[in-house]
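See below for the structure under consideration.
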Amino acid sequence: MKNDKGLAVISLLAVLLCAAALIALGVGVFRAGPPPEIRIVAGAPAIGKRTGIKVQVSEPRRGLSSIRMELVQGDRTQKLQEKSYRPRGQFQFWGPRTEQDTITCDAGRAVIPWLTEGNAVIRVTAGRAGTWLRSPDPAIRELGLPVRLTPPSLQVRSSRTYATQSGCEVVIYQVGESAVRDGVRSGAWWFPGYPLPGGGKQDRFALFAVPYDMIQPDIRLVAVDGAGNEAEARFLDMFIRKSFRSDTIQLTAAFLEKVVPEIVSHSPELKDRGNLVDNFLEINTVLRKENAGDLRKMALGSQPRFLWHRPFLMMPNGKVMAGFADHREYRYEGRDLDRQDHLGFDLAVTRRSPVPAANDGIVVCARYFGIYGNTVVIDHGYGLMSLYGHLSAIDVKDGQQVKRGDVIGATGETGLAGGDHLHFTTLLQGLPVNPVEWWDAHWIEDRLASKLGTALPFEP
């Protein structure tokens, strides 16, 4: 009797377990996983000539099945991107799957010739893994964006623009209200525009420079709107080429022993190559390039105002030991070791001579600075800066305001220097330029002040 009751209980449990399994099987047969999550990010607030689109899709349970990106405008549809994946099986609880993916592509007139101004929709369709008896609807997300294909207006207002290799200039212009970025593109360099002090709402100006190694003029005024549409205008009246000297630097063991260990000790980011020659090459190439990058970063924080109003000072009684853009060949023990360009003036007086600030400004660097040794960099506003290198002493600190002629330090031979002197460099947006122009009151009056008017209260 007890055995019969036990068998009955076991039978009932078996029936219940079978029923539960059938229910679970039924649910699995008919129930699909959760819909994928879709996120659409546009690279601009509007679609222009070429606008980047980024799509992120995730489905962590069974994985992605498919993604399709389209642009829809009116009754026309253009496929932008499409990908397929292999999700996990219906009853598979482990194994490979793609839980998420990010797809990028471009939308705009450059890739869709029939696109017109108005509105468009970016549509993303993400497929869902099905079951034996069901193919669930895909997940769909849309992002509406305006289509803007007309670049901002751009009009040059100044004239007599004479650009010299390694020199600077200014251009006055007007931009349309849709412009979000404007300035001068000079080869690979960008010189941003600024509101013209005392001018109208759309009046702008840009100080720009010509790289010393630009042989053919590649300089244009540019205005860009939020959709990436770009207007360009050429405005140069004359391009003046210059020739630069060549020089050979004969390196000695004594020189390397003097400069290399000092610079290495102040530059922990440098990799020690194990000997003086290889460490010199690391300093003269890698560290030199890093210093140049740091100067470009400093320019990003330049004050958007003129901090000066008089001509720039040259080092008093300074004898020119090396000029701007001298091409240097470095030789050691009869063999060519390296080639670099000297982007500044070397000025010598007597040992530890006082060094004056070239003009009014704010100190943005007062420290040991790579190949330049003890260095001071002064911001004069609108991306214009002056650098004083190889100093034996620094008498100012970061953030200090200085006046034209204030003593900021003393000449020396720190860094990559063979003797006591001042390495002086003028920079515009981090690009070294010939300082001779800035020492010349007539050049400033003729090339800058005459165009800027009351925006630059210049006193010759």
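Of all residue pairs spaced 6 or more apart or on separate chains, none has beta-carbon atoms under 7 Å together with a first member in segment 188-201 that is farther than 16 Å from G383 by Cβ and not assigned by TED's automatic domain parsing to the domain that holds Q174 and a second member that is among the polar types (S, T, N, Q) and modelled with pLDDT of 95 or more. Checked against (1) surrounded by fewer than 23 Cβ atoms within 10 Å (Cβ to Cβ); (2) over 25 Å from N284 (Cα atoms), W438 passes all but condition (1). When segment 169-194 is filtered for residues that are out of contact with any Phe, Trp or Tyr (no Cβ under 7 Å at 6 or more places or on another chain), buried (at least 21 other Cβ atoms within 10 Å of the Cβ) and either aromatic (F, W, Y) or over 30 Å from R39 (Cβ atoms) (or both), the ones remaining, listed by number, are Y173, V175, D182.
In a helix (DSSP H, G or I) and exposed (fewer than 15 other Cβ atoms within 10 Å of the Cβ): which single residue out of D272, D247, D278, D213 fits that description? Spell out how you get there, then give the answer.
Values: D272 fails: in a helix (DSSP H, G or I); D247 fails: in a helix (DSSP H, G or I); D213 fails: in a helix (DSSP H, G or I).
Matching residue, one of D272, D247, D278, D213: D278.
Across segment 374-417, the number of residues qualifying as over 20 Å from P304 (Cβ atoms) and among the small types (G, A, S) comes to 9.
Taking segment 272-320 as the range and being within 23 Å of D379 (Cβ to Cβ) and either in the same structural domain as A209 (by TED's automatic domain parsing) or of a type in the set (S, T, Y) (or both) as the test, only S302 passes.
Go over the candidates L307, L347 one by one and state the one that is surrounded by 15 or more Cβ atoms within 10 Å (Cβ to Cβ), in contact with a His (Cβ under 9 Å, 6 or more places away or on another chain) and in a loop (DSSP other than H, G, I, E, B).
On the way: L347 fails: in a loop (DSSP other than H, G, I, E, B).
Result of the check over L307, L347: L307.
Yes/no matrix, rows are residues, columns are (1) within 37 Å of the chain's Cα centre (by Cα); (2) surrounded by 17 or more Cβ atoms within 10 Å (Cβ to Cβ); (3) under 21 Å from P138 (Cα atoms); (4) in the same structural domain as I122 (by TED's automatic domain parsing):
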position	(1), (2), (3), (4)
A46	yes, yes, no, yes
K49	yes, yes, no, yes
R68	yes, yes, yes, yes
K83	yes, no, yes, yes
G89	no, no, yes, yes
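Of the residues T98, T102, which is of a type in the set (V, I, T) and at pLDDT below 95? None of the other options fit; the residue is T98. Could you say which residue among K319, K297 is within 30 Å of L448 (Cα to Cα) and in contact with a strand residue (DSSP E or B) (Cβ under 6 Å, 6 or more places away or on another chain)? Step by step, each of K319, K297 is checked, and only K319 is within 30 Å of L448 (Cα to Cα) and in contact with a strand residue (DSSP E or B) (Cβ under 6 Å, 6 or more places away or on another chain).
Can you find a residue in segment 319-327 that is within 29 Å of the chain's Cα centre (by Cα), part of a loop (DSSP other than H, G, I, E, B) and either more than 30 Å from K242 (Cβ to Cβ) or of a type in the set (A, V, I, L, M, F, W, C) (or both)? Before you say what the answer is, go through the steps one by one.
Our first condition is that a residue be within 29 Å of the chain's Cα centre (by Cα); within segment 319-327, this holds for 324-327.
Filter once more, so that each one left must be part of a loop (DSSP other than H, G, I, E, B): 324-325.
Next cut, either more than 30 Å from K242 (Cβ to Cβ) or of a type in the set (A, V, I, L, M, F, W, C) (or both) only: 324-325.
Yes: one or more hits.
The values are calculated or read from the model by the stated rules, or taken from the named source; none is laboratory data. No experiment lies behind these values; they were computed from the predicted model shown. In this analysis, Cβ positions are derived from the backbone assuming ideal geometry, glycine residues included, and neighbour counts consider all displayed protein chains.
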